[in-house]
Amino acid sequence: MYARSTSIRGNPDRIEQGVTYLREEVLPAVERTEECVGMSVLTDPDDGRLVVATAWADERAMRATAEEDRTVQERLVQTIGGTRADVHQWEIAVLHRERPAGDGAGAQLTWARVAPDHVDELLAAYRINLLPKLQELPGFCSVSMLVDRRQGRTVSATSFDSRESLALVRRHARSLREQFARAMGAKIVDLAEMDLAVAHLRVPETV
């Protein structure tokens, strides 16, 4: 399974307009696309950040829709008053759901870098060491880890049933990730807490 993510910073007052566009116009079209397995939208209304991800059955299907998606990216930038879209393509390496995370859930995202030849080692340790600890946190719903093996990039998202639940475990969850990153020789380059505004992913379990 693969995913394409688009991250944009825009006007906080226009984030909801972007979500409406994605939910009402983009999602129905995406769900009709062959080999697409859904879309999610994460937002941080306080700083005007929006991240939309589409998931695909294989890399070929993801790459085949890149040009069509560029049109969506351009309109989304205009809709929320952003300046550019930061687009990445990923392999969905880890995905586990304890229970569905519905619209309005909260998520903690961590972007990191690791030596490309250590990606498999990091994923194995993530499944064995970090995932069980995250599952024990109150309000835990799901976790995913996306990787770009060639560049040694990773992004993980842990979702909780509400932003209130996320706030309660914020420090502990972040501490777990930071300890794991240090142990694996990975460097955390960005952190975010976001609202799960659209949750329509049908990616199968990988754990």
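No lab work stands behind these numbers, since they all come straight from the coordinates. Quick caveat, the model's predicted, so the values are computed rather than measured. Quick reminder, even Gly has a Cβ in these numbers, built from the backbone with ideal geometry, and neighbours come from all protein chains shown.
Odds and ends about this structure:
- For A105, distant residues with modelled amide H under 5 Å away: L196
- Shape category assigned to region 78-144 from the gyration tensor of Cα positions, a/c cut at 1.5: oblate
- Projected-area average for region 25-129 over all orientations - Cα convex hull basis, square nanometres: 8.6
- When each of the peptides 140-149, 71-80 is scored by how many other beta carbons lie within 10 Å of its residues on average, the order from highest to lowest is 140-149, 71-80.
- Within region 49-147: Cβ-based charge dipole about Cα centre, in debye rounded to nearest 20 (Lys, Arg +1; Asp, Glu -1): 280
- For a label point 7 Å along the Cα-to-beta-carbon line of R60, residues of region 1-21 with backbone N under 15 Å: 1-2
- Dividing the mean sequence gap of close Cα pairs (under 8 Å, 6+ apart) by how many residues region 2-201 holds gives a relative contact order of 28 percent.
- Fully extending the segment from Q78 to E16, taken as 0.36 nm per residue of separation minus the present Cα-Cα distance, adds 21.0 nm.
- Mean-position separation - Cα centroids, region 12-26 and region 49-120, in angstrom: 16
- Full extension of the chain between Q179 and H118 gives 20.3 nm of extra length, using 0.36 nm per residue less the Cα-Cα distance.
- R163 sits among other residues whose Cβ lies under 9 Å from its own Cβ, and their net charge, with Lys and Arg +1 and Asp and Glu -1, is -3.
- The dipole here belongs to the chain: it is taken about the Cα centre, uses +1 on the Cβ of Lys and Arg and -1 on the Cβ of Asp and Glu, and is about 580 debye.
- Within region 2-201, all pairs of alpha-carbon atoms sorted by distance into 5 Å bins from zero give the percentages 1, 7, 17, 20, 20, 18, 11, 5, 1.
- A simple count of charges around R182, restricted to other residues whose Cβ falls under 14 Å of its Cβ and scoring Lys, Arg +1 and Asp, Glu -1, yields +3.
- Cβ-based charge dipole, the chain, positive-most Cα from T33, V114, G81: V114
- When the helices of the chain are scored as -39500 (n - 2.57) per DSSP H run of n ≥ 4 and the total is divided over every residue, the value at 222 nm lands at -9500 deg cm²/dmol.
- Label-to-label distance, R171 versus I128, with points set 7 angstrom from Cα along the beta-carbon direction: 3.1 nm.
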